[in-house]
Amino acid sequence: MGNETKCNDAAGGYGNKILYIMCAQEPSHTDKNIVHSKARMIAKVYEVSRNLGKDWDLVAKALCNKKLALDRLLAGLDGLSFSRANLAQIVEVHGKLDQHLCKQLAEAGGHRKVHSRASFVSKYLHFHRPDIFPILDSLAELGVKAKIEGRLPKVTNPGNSPSERYERFCLAILLLQSSGKFENKSLRQIDDKLVKKGQKEREKKQHTAS
C-alpha cells in the first residue's frame, strides 16, 4: 500500500482513502464480520450493490472460504507490480475470485445462473493491492476504448469468461502505458482519467442519440 492511505489526492479523494486504510488495517479474510463490512462499503461507494443482491453475509462467506484461500492468492502477488510479465498471475487471481463468488451466489440461489462479477471483484482486489489490480467498470472501459481508438488488444484465451474481459482491459492499459500516455501514473490516477474520459464518451453518445 503506497500513498493511497496517506494522501487524499493519491487516493482519489478522502472517501477512497478511508477504503484504502480499511483494507490496509484489516487485509485478511478470516473474520466474516470484517470482510462483510469491507465488501459492502466498497460496493456501496462504487454503486455495485445492485449486482450482488442484498445477502452480504453470503458474499463475506464466499470471500472467507478456505477453498478459495484468498489470502494465499494475494500473498502470491507480494512484491509484484502491474506489468505484462505479471499479467497472467493477476488475471488468474481475479478470475478465480470471480468464478468462486458466482458459484457461491448460484448455489445459494438454487443454482440460478449468476453472471460474472468482474467489476466488483476488480474493485475489491484493487483496495487490497492498489499497485496490481486496475479498477474495471463500464465508464473506465469506455474511456480506455476511446483512448486506444478501438485498437483492442488480443487476449490469451478468447472466449474464456470472466477472465477475458478483465485481461483485455488490463492489456489496453498496458498498451497506453507503453505509449507514454500514462507514464508515471498510479493505477488510481489512471482510473480517474479513464472514468472522466468515459463520462465524456457517454455524454457524447447520449447527445447523439437525442
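Brief remarks on what is shown
- Any pair with Cβ under 9 angstrom, 6 or more apart, that starts in the range 184-210 at a residue that is more than 16 Å from Gly12 (Cα to Cα) and ends at one that is open to solvent by 90 Å² or more (accessible area, probe 1.4 Å) and not small (Gly, Ala, Ser): Gly198/Lys145; Glu201/Lys145
- Candidate set from the range 12-48 (those that are in a loop (DSSP other than H, G, I, E, B) and of a type in the set (Ser, Thr, Tyr)); member that is farthest from Asp192 (Cα to Cα): Thr30
- Annotation: Lys66 fulfils all but one of (1) assigned to a loop (DSSP other than H, G, I, E, B); (2) within 15 Å of the chain's Cα centre (by Cα); (3) of a type in the set (D, E, K, R); (4) modelled with pLDDT of 90 or more; the unmet one is (2).
- With respect to the conditions (1) part of a helix (DSSP H, G or I); (2) over 27 Å from Gly76 (Cβ atoms), Lys181 lacks only one, and its number is (1).
- Test: residue in the range 153-169 that is of a type in the set (A, V, I, L, M, F, W, C) and either more than 25 Å from Leu101 (Cβ to Cβ) or out of contact with any Ser or Thr (no Cβ under 9 Å at 6 or more places or on another chain) (or both): no
- Output for the range 92-105, where each listed residue is closer than 13 Å to Glu164 by Cβ and open to solvent by 10 Å² or more (accessible area, probe 1.4 Å): Glu92, Gln99
- Within the range 13-35, the presence of a residue that is touching a Phe, Trp or Tyr at 6+ places or on another chain (Cβ under 6 Å), surrounded by fewer than 21 Cβ atoms within 10 Å (Cβ to Cβ) and without any contact (Cβ under 8 Å) to a residue 24 or more places away in the chain is excluded.
- Residue count for the range 184-210 under the criterion of being open to solvent by less than 60 Å² (accessible area, probe 1.4 Å) and in a helix (DSSP H, G or I): the result is 9.
The values are calculated or read from the model by the stated rules, or taken from the named source; none is laboratory data. All values reported here derive from a predicted model rather than from experimental measurement. So basically every Cβ, Gly included, is an ideal-geometry build from the backbone, and we count neighbours across all protein chains shown. To get the accessible areas, we keep the full protein, side chains included, count just its heavy atoms, and leave off ligands, DNA and RNA. Shrake-Rupley method; radii C 1.70, N 1.55, O 1.52, S 1.80 Å.
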